[in-house]
Amino acid sequence: MIGHILDNRYKILEKVGSGGMASVYKAQDILLDRIVAVKVLHSKYASDHDFVVRFRQEAQAAAKLSHPNIVNIYDVGYDENAHYIVMEYVRGETLKEYIEKHGHLPINTSIQITFDIGEALEHAHANGIVHCDIKPHNILVTETGRIKVADFGIARAINSSATNKGDNSVLGSVHYFSPEQASGGKIDERTDIYSLGVVMYEMMTGVVPFEGDTAISVALQHVQDDIPLPSKYNRRIPQLVERCILKAMAKNPDDRFQSVTEMMSELRMAQGFVNTNKAKGAPPIIKNNFNTQKIQPMKDRQEPKRKGFFARFVDSISNHSKKSIVIGMMIVFVATFAWAFFSFGNFWSTENITVPDVTGKQVEIAKNILKKKNLDVSVKEVESSDVPIGEVISQTPSGGAVVKAQRTIHLTVSKGNKGEEVLIPDLKGLTMDEAEKILKEIGLSIGKVKYESSDSVENGHIISQNPKSPDKVEKGTKINLVICRKNSDETKPSKALPDTSGMSLDAAIKALQDAGYNVGNISNLDSSKDQSQAKVTSQSQQGDSVDLSVEYPSAAPAADPNANNQEQAGTTHTGMVNISVPSGASSQHVQIVVSDDNGSRVVYDRNQSGGDSISKSVSGTGRTRVKVYINNSLVQDQYI
């Protein structure tokens, strides 16, 4: 093959090595002018048509892998009865050569190499590829110390081909065989985990777990014999690391780590206990390395009956020291006590409280009821198509239970559903602001508002509603409310009626409430528009209630660039701003802000007494807008 050019592109330069499946050559990619490695399959595989088809499929799948710890596959081809794979040429040595050169490796070095191999396997498994032949011979250590895993998909192709032909023989390297490979069982990701455990074993001890004169005898030991403890050869291997190795090499795949990710997580936890001092007197390296080959399956040894959960739990506890068991029990006791203390209330309280039943009530009302009973409240919201938004679905402890003071009552509250139709919540007992907030969350709004006197409902709270709860209505429906308004002397206003004409609706409502008046009916209120843009045009007093009429600013017409009367830039406008400061607080902050082509500026900024009248001349260049703020609330907005 030396000097031969495959497919008029890859010139064979020299032979690098040979294994059980293929020979590896160093070659030059003439097209891209780079050095590559070419693996040419042995003729016994090249003449097998079924294998060739499977081989190409697996090699092409492996070529899709892209990871810094995986040797990249560039091309798959066939030329003059030679099936070959073109891959990345890695300058360095195999992990097997590295172990033979250095003896058993330091614990931290071994774990770091395991992490690198694990990341490569994690990526491959995520893409549905099982290596099937993880061993130090297929792991390369570059000149810069990077770990790269080679031969993905090749062993898998041979094993799949054998299975399709009804041949139970399985390919692999017997020293790193999993029991299911030796017995012709099902191969999956856990097969690679077993082989990775053997590689860890060899890195930390310098020897493989099983030795024999023939490949059959070694494979038989993987199936039947217990694994010699790694600490037998290297006493510096920490116990937690040793457990990771033994779990990875469990005979039954169900007893192993179920994923490489799980194995890496446990190994990282064990790494904190690693002693990094290098052990002396490593045992000699075994030179009898069996190449990758096919062997006949071994008979499974009879699996011992698996222990029950309780027995496994007791065994896991017995593996810990007495000190760690005592500390763990103390932590569990303290955590349980703290949970019970904070969950079940004040243990030292002599006050026993009967928990009121708040199911079906609005959550705000339920909270007030429970807090008045000296109970704490925890709220969890869930979607519900059967219970209106804000209502309590259930509570724990239930109503009627007797608990200590400060016990936390857990409420499950409905947050409604997201359909076109919604359940109307029960608004009785809420304020108008609370009701508006709840309705807005589910796409409803407040309609007409009436005021009536009631002895059973607090002033300003809702007496009744229409439609009633829990009727189902479409989103956008308006809910009419009847709100309690007391007629007693306590609720009569104590201040003069402020003039709210020209104010924004929010500022007018606040001014009236500050003066002790109730807001009655609001005419022309449009729930589809922004309430902050509504401006009061007139007011009408009905006893201690004031009815308001509002209007919304009309949208400014679009500018017509062809209009002959379009305003010229730089035109100066002058106007007079008249302000009536609402009665109420003795000192109220008044600001006038002018915005024109030159920007925004404050032209008036003073504190005024309630009832004062202000006239201010303002001017601006171009389109001029004047805004008036009283106590930081916008009350006028106009153009001059």
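Each reported figure results from applying straightforward, stated rules to the coordinates on display, with no laboratory input. Remember, it's a predicted structure, so these values are computed and weren't measured experimentally. Note that we place each Cβ from the backbone using ideal geometry, even for glycine, and neighbour counts take in every protein chain shown.
State the extension gain, in nm to one decimal, for the chain segment bounded by Glu551 and Asn607, taking 0.36 nm per residue of separation less the distance between their alpha-carbons.
Going from the current span to full extension adds 17.3 nm.
Tell me, what HN-Hα J-couplings in whole Hz come from the Karplus equation 6.51 cos²θ - 1.76 cosθ + 1.60 at θ = phi - 60° for each residue of region 207-214, using x for Gly and Pro?
Per residue, the Karplus-derived 3J(HN,Hα) values read 9, 8, x, 10, 10, x, 6, 10 Hz.
Counting Lys and Arg as +1 and Asp and Glu as -1, what is the net charge of the other residues whose Cβ lies under 15 Å from the Cβ of Asn632?
-1
For region 357-368, in order, what is each residue's ³J(HN,Hα) by Karplus, 6.51 cos²θ - 1.76 cosθ + 1.60 with θ = phi - 60°, in whole Hz (x at glycine and Pro)?
8, 10, 5, x, 9, 5, 4, 5, 5, 4, 4, 4
Compute log10 of I(q)/I(0) for region 569-640 with the Debye formula, placing one identical point scatterer on every Cα and leaving out solvent, at q = 0.11 Å⁻¹, to two decimals.
These q points yield log10 I(q)/I(0) values of -0.27.
Go through Lys15/Lys101; Lys415/Lys448; Lys380/Lys404; Lys15/Lys39; Lys11/Lys44 and tell me which ones have a Cα-Cα distance over 20 Å in this structure.
In this structure, Lys15/Lys101; Lys415/Lys448; Lys380/Lys404; Lys11/Lys44 exceed 20 Å between Cα atoms.
Between Glu143 and Asp530, 0.36 nm times their residue separation minus their Cα-Cα distance comes to what?
Stretched fully, the Glu143-Asp530 segment lengthens by 132.3 nm.
If you take every residue apart from Ser414 with its C-beta less than 12 Å away from the C-beta of Ser414, what net charge results, scoring Lys and Arg +1 and Asp and Glu -1?
Once positives and negatives cancel, what remains is -3.
By counting other Cβ atoms within 10 Å of each Cβ, how are Thr261, Thr500 ranked from fewest to most? Each step should come with its number before you reach the end.
On the way: Thr261 15, Thr500 27.
By the 10 Å Cβ count, ascending: Thr261, Thr500.
Determine ³J(HN,Hα), in whole Hz, for all residues of region 604-611 in sequence, where each value follows from phi through the Karplus function 6.51 cos²θ - 1.76 cosθ + 1.60 and θ = phi - 60°; x replaces Gly and Pro.
Going residue by residue, I get 8, 8, 9, 9, 10, 7, x, x Hz, with x marking Gly and Pro.
Using the basic label-point model (7 angstrom from Cα toward the beta carbon), what is the Tyr639 to Tyr78 distance in nanometres?
Inter-label distance under the simple model: 8.0 nm.
Between Thr621 and Ser217, with labels modelled 7 Å along Cα→Cβ, what's the label distance in nm to one decimal, could you check?
Result: 10.4 nm between the two label points.
First measure r as the distance between the Cβ atoms of Ser43 and Thr261, then evaluate 1/(1 + (r/R0)^6) with R0 = 35 Å and state the FRET efficiency to the nearest 0.05.
It comes to 0.30.
Could you rank the peptides 213-224, 106-117 by their average count of other C-beta atoms within 10 Å per residue, with the highest value first?
106-117, 213-224
Can you tally the net charge around Gln591? Count Lys and Arg as +1, Asp and Glu as -1, for every other residue whose Cβ sits under 10 Å from the Cβ of Gln591. Working shown, then result.
Numbers: positive: Arg606, Lys627; negative: Asp605.
With Lys, Arg at +1 and Asp, Glu at -1, the neighbours total +1.
Please list 353-362, 324-333 highest first by mean number of surrounding beta-carbon atoms within 10 Å per residue.
Listed from highest to lowest mean packing, they are 353-362, 324-333.
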